[in-house]
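First up is the structure itself, then whatever we jot down about it.
The values are calculated or read from the model by the stated rules, or taken from the named source; none is laboratory data. Model, not experiment: these values are computed from the prediction. Cβ placement follows ideal geometry from the backbone for every residue including glycine, while neighbour counts extend to all protein chains displayed.
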Amino acid sequence: MENQTNTSYTPGKRIQHLCKIHNLTQKELASRLNVAPSQISRILNEEIKNISSNILIALSKEFHISVDYILGLEPHITEYHSIPMWLMSTSFQPGECLQTIETLDNDDIKKMAYCEYYYFTGQHDKAVNISELYLNHPDSMLKLSACLIHTFANLSLNRINAAKGGLKSLKENLNQIFEKKADNQTIAMSVFVAVAAQTLLHLPLGKIPSLKNYLTELPVGMRLWGCYVLAHESYLKQEYEKSLGIIETCLTLTTKTYPIAMIYLNLMGAMDAMNLRKEDIAKKYFMDAWLMAKPDSLIEGIGEHHGLLQGLIETCIRNDYPEDYQKIIQITYQFSYGWRRIHNPATDENIADNLTTMEFTIAMLANRGWTNTEIASHLNITVRTVKQHLSSIFNKLNICNRRQLQIYMLK
């Protein structure tokens with residue numbers, strides 16, 4: 001969003017400017033407002049003197065600004081300054097992430113967009129340094145973004161007390177918003193942030209309204225990530241076909257590219273396909289995620305999902321992209337270690353915490369019923385190597401057989 005706009009702008013010009021900021025064509029705007037493209041064209045070209053109240057309200061909701069701003073009765077965007085996780089919610093072409101952030105005129109939104117960028121590229125120190133500045137910001141949406149990123153970035157840096165502090169602040173801020181009974185869009189975005197934290201940490205955050213009831217209130221990119229959450233819920237119930245159906249529908253119906261949301265959607269598709277023993281399909285989903293992530297180095301999500309991807313990272317990119325592979329594995333170790341330290345004591349579960357990434361991958365596959373030969377073929381290693389890894393796994397976990405693995409493995 002812009003910090004300031006010329007007060008002489010007409011409604012048509014202001015709407016044109018908002019379309020440019022949000023990277024929307026006239027046709028796309030018309031589709032979102034459920035009106036004819038010719039009607040939007042007449043508004044933008046100042047051929048209509050009085051815009052109907054229904055369209056004004058729809059524009060206000062679409063761009064998160066006031067009707068008075070559209071009509072020129074206030075010079076600045078004052079009612080609504082931001083959305084949480086702006087970068088996640090924004091469409092851009094892979095390789096143009098930083099250029100997209102630089103189009104922002106509002107300094108605070110730009111800084112938090114960079115904060116997101118640093119987190120999703122695994123630069124956790126930089127993400128923490130920015131998020132700390134916004135933990136008590138008066139803009140509730142910026143504050144929610146800061147709390148969310150602060151929690152996860154500190155978790156990856158093994159600063160568990162700081163991560164717990166970020167999670168506590170997130171809960172408090174969410175409770176304040178829910179208690180105030182804010183407007184539907186504010187509630188929707190707050191629910192989104194709460195569900196994002198709860199899904200990735202697998203920790204309860206209290207009573208949260210159902211995300212399904214608020215999806216249509218969210219910007220498209222955020223809505224896509226919300227669908228990832230719904231797919232993840234089905235995945236955890238072992239409803240892999242249903243989860244994959246959600247993923248396929250989202251990716252098929254989306255006409256623009258939202259890299260961060262789509263990376264997570266494709267990773268979930270890969271996880272579903274692996275559990276359905278559709279290895280070729282799983283590899284395609286993973287490579288779609290990888291090719292979208294690589295140009296801007298948005299590799300955090302890949303590292304976070306390492307164990308659940310069951311060897312796809314090793315199979316698909318270890319040999320062809322060795323440097324990137326090592327960065328992803330480093331993210332995996334950092335995130336997994338912090339995740340276990342905050343997760344295991346809170347839930348009284350014993351997720352394995354002393355296995356290498358290769359051992360964890362083999363343990364996951366073995367726990368899902370893969371034979372030694374199948375594991376060897378999937379990971380392009382020998383059966384003997386698989387057996388050696390399994391022996392090491394059993395020794396580290398002090399167990400005797402595959403059946404006992406389920407106590408320690410991710411679901």
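Of note:
- Residue within the range 153-173 that is within 27 Å of L291 (Cβ to Cβ) and under 20 Å from the mean Cα position of the chain (by Cα) present: yes
- Lone unmet requirement of (1) surrounded by fewer than 15 Cβ atoms within 10 Å (Cβ to Cβ); (2) part of a helix (DSSP H, G or I); (3) at pLDDT below 80 for S38: (3)
- Count of the range 359-400 residues which are assigned to a helix (DSSP H, G or I), crowded, with 19+ Cβ neighbours inside 10 Å and of a type in the set (F, W, Y): 1
- Flag for E233 being among the acidic types (D, E), outside the structural domain of K61 (by TED's automatic domain parsing), over 16 Å from the mean Cα position of the chain (by Cα) and modelled with pLDDT of 85 or more: no
- Per this entry, K207 is counted among residues that are of a type in the set (D, E, K, R), without any contact (Cβ under 8 Å) to a residue 12 or more places away in the chain and closer than 22 Å to T151 by Cβ.
- Options E96, E62, E102, E116: the member that is of a type in the set (D, E, K, R) and within 25 Å of G12 (Cβ to Cβ): E62
- Residue that is surrounded by the fewest Cβ atoms within 10 Å (Cβ to Cβ), among those in the range 283-316 that are of a type in the set (D, E, K, R) and closer than 15 Å to L365 by Cβ: K283
- Here the helices (runs of 4 or more DSSP H) wholly within the range 163-282 that include at least 2 residues being more than 30 Å from M364 (Cα to Cα) and touching a Leu at 6+ places or on another chain (Cβ under 7 Å) are 184-201.
- Set N158, N184, N136: member being polar (S, T, N, Q) and without any contact (Cβ under 8 Å) to a residue 24 or more places away in the chain: N136
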